[in-house]
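The values are calculated or read from the model by the stated rules, or taken from the named source; none is laboratory data. Because the structure is predicted, anything quoted here is derived from the model rather than measured. Reconstructed Cβ throughout: ideal geometry from the backbone, glycine too, with neighbour counts over all protein chains shown.
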Amino acid sequence: MAHAALANTAGSASDFTLDELRLALAPAIADAAAFDGWSDAAVDAAAEQAGVAAAVARLAFPGGAMDMVAAWIESIDARMAAEFSREILAAMPVRERIRALILFRLECVGGREETLRRALAIMALPQNAARALRLGWSSADAMWRLAGDTATDYNHYSKRAILAGIYAATLALFVDDESDGKAETRAFLDRRIEGVMNFEKAKARFLTGREGFSMTRFLGRLRYPAR
């Protein structure tokens, strides 16, 4: 379905910047991509549905298919942020916060497996690999920030790298999962999250163990060695 804001102002594309138009059209382009691929035809279909000139809509995606896929991902990031408040998530254990956020994202792509399959194929192309990694990192960062993570040390990076990997692996399974209610995907996700939680516990014991080892002190000494 076309973005509500566009649907309510059909024919007034001049009211939107190209960035706003890109995100507004993204869900409808994703719907069309199941049939037309991530192509100009999908953009044209979305533009027609929203009452926007096709020529204007195409200007919002100068990078072609990868721009369209990126806009879809960013629109899901925005939906996730609108759906979950920090107050709601704060009432959950950390693992449940992350699980809820990933499951919401899976719901957003549910029923669009062919669209997702084509998107993953585009992201896997060598020329798109770097951008795909940045998009995965950005989505993982958005999830951790909603979950209340405030880490600024090496944990900031390790948490996002690990979550981006879990999410990517879960999507790869999801797209071909034909089990009832995507049960196999859900079980896979639960195992991966449990593994990360166990790793974090083990890491915490190591870093604050009996030896009195402090990663903070250790890194500080590397930066400011004793004279």
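Yes/no per residue for (1) at pLDDT below 95; (2) among the β-branched types (Val, Ile, Thr); (3) touching a Lys or Arg at 6+ places or on another chain (Cβ under 8 Å); (4) outside the structural domain of Ile166 (by TED's automatic domain parsing):
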site: Ala13; (1), (2), (3), (4): yes, no, no, yes
site: Thr17; (1), (2), (3), (4): yes, yes, no, yes
site: Pro27; (1), (2), (3), (4): no, no, no, yes
site: Ala45; (1), (2), (3), (4): no, no, no, yes
site: Ala54; (1), (2), (3), (4): no, no, no, yes
site: Ser75; (1), (2), (3), (4): no, no, no, no
site: Met92; (1), (2), (3), (4): yes, no, no, no
site: Cys108; (1), (2), (3), (4): no, no, yes, no
site: Arg112; (1), (2), (3), (4): no, no, no, no
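In region 48-63, which residues are surrounded by 15 or more Cβ atoms within 10 Å (Cβ to Cβ) and within 24 Å of the chain's Cα centre (by Cα)?
Of everything in region 48-63, those that are surrounded by 15 or more Cβ atoms within 10 Å (Cβ to Cβ) and within 24 Å of the chain's Cα centre (by Cα) turn out to be Ala57, Ala60, Phe61.
What tally of residues in region 90-131 results from selecting those that are touching a residue at least 60 places away in the same chain (Cβ under 8 Å) and of a type in the set (Gly, Ala, Ser)?
Residues in region 90-131 being touching a residue at least 60 places away in the same chain (Cβ under 8 Å) and of a type in the set (Gly, Ala, Ser): 2 in total.
Of all residues being of a type in the set (S, T, N, Q) and either touching a residue at least 60 places away in the same chain (Cβ under 8 Å) or not in a loop (DSSP other than H, G, I, E, B) (or both) in region 140-174, which is nearest to Arg112 (Cα to Cα)? Just the residue, please.
Residue satisfying both the conditions and the ranking: Thr170.
Tell me which residues, restricted to region 64-103, are touching a Cys at 6+ places or on another chain (Cβ under 8 Å) and crowded, with 18+ Cβ neighbours inside 10 Å.
Ile76, Met80 - these are the residues of region 64-103 that are touching a Cys at 6+ places or on another chain (Cβ under 8 Å) and crowded, with 18+ Cβ neighbours inside 10 Å.
What's the total number of residues in region 80-97 that are in a helix (DSSP H, G or I) and in contact with a Phe, Trp or Tyr (Cβ under 8 Å, 6 or more places away or on another chain)?
Taking region 80-97 as the starting set, the residues that turn out to be in a helix (DSSP H, G or I) are 80-83, 86-90, 94-97.
Pick out the ones that are also in contact with a Phe, Trp or Tyr (Cβ under 8 Å, 6 or more places away or on another chain) and you get 80, 83.
Qualifying residue count for the region: 2.
Given (1) at pLDDT 95 or above; (2) touching a helix residue (DSSP H, G or I) at 6+ places or on another chain (Cβ under 6 Å), where does Ala147 come up short, assuming only one miss?
The failed condition is (1).
Gln127 versus (1) within 24 Å of Met92 (Cβ to Cβ); (2) at pLDDT 95 or above; (3) surrounded by fewer than 16 Cβ atoms within 10 Å (Cβ to Cβ): which is the lone unmet condition?
Among (1) within 24 Å of Met92 (Cβ to Cβ); (2) at pLDDT 95 or above; (3) surrounded by fewer than 16 Cβ atoms within 10 Å (Cβ to Cβ), Gln127 violates only (1).
Determine the pairs where a residue that is farther than 13 Å from Gly110 by Cβ, located within region 175-191, has a partner that is in a helix (DSSP H, G or I) with Cβ atoms under 6 Å apart, the partner being 6 or more residues away or on another chain.
Close Cβ pairs (under 6 Å, with a partner that is in a helix (DSSP H, G or I)) amount to Phe188/Leu173; Leu189/Thr170.
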